[in-house]
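Here's the structure we're looking at; comments come further down.
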Amino acid sequence: MRYLKPVLTAVTLAFALTACESKQEERRENVLENKADMTEKKAENVRESGERAADRIERQDPGMDAPSTDRAAEAVRDTSESRADKLEDKADRIRDKK
């Protein structure tokens with residue numbers, strides 16, 4: 001019976017430490033989730049910005065060289081899409097750390 005008190009103390013301490021770790025882990029996961037969300041927002045902004053830039057290029061075409069204007073606008077769209085995809089991949093990697 002004299003071993004019962006140290007055992008109960010050890011078990012209680014183990015539960016207390018587990019509770020602290022889970023709160024810290026929850027905070028860490030929340031930080032990672034927020035970071036991933038912000039990265040996805042950046043990706044969305046990059047896509048929208050690229051689309052607006054491409055639209056501006058197309059509107060400025062005087063009509064004499066439409067194929068080159070179309071290629072320039074498409075290049076802007078492709079570049080912004082590629083950057084946005086990389087940001088989304090980064091967000092996925094951040095979430096995988098949870």
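Only the coordinates and a few stated rules stand behind these numbers; no lab work does. Note that the structure is a prediction, hence the values are computed from the model and not measured. Heads up, the Cβs are rebuilt from the backbone with ideal geometry, glycines too, and the neighbour counts pull from every protein chain shown.
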>> Cross-link candidates for LYS98: which lysines have Cα within less than 18 Å, leaving aside residues fewer than 8 places away along the same chain?
In response: LYS23, LYS35, LYS90
>> Whole-Hz ³J(HN,Hα) for each residue in the range 74-84, computed from phi via Karplus 6.51 cos²θ - 1.76 cosθ + 1.60 with θ = phi - 60°, x for glycine and proline: what do you get?
In response: 5, 5, 5, 4, 4, 5, 5, 5, 5, 4, 5
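What does the extension gain come out to for LYS98 and ASP61, with contour length at 0.36 nm per residue minus their alpha carbon separation?
On the way: separation 37, 0.36 × 37 = 13.32 nm, distance 4.82 nm.
The span from LYS98 to ASP61 would gain 8.5 nm if fully extended.
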> Tell me, what HN-Hα J-couplings in whole Hz come from the Karplus equation 6.51 cos²θ - 1.76 cosθ + 1.60 at θ = phi - 60° for each residue of the range 87-96, using x for Gly and Pro?
Replying inline: 5, 5, 4, 5, 4, 5, 5, 5, 5, 5
> How many nm is it between the label spots at ASN34 and ASP78, if each spot is 7 Å from the Cα in line with the beta carbon?
Replying inline: 3.9 nm
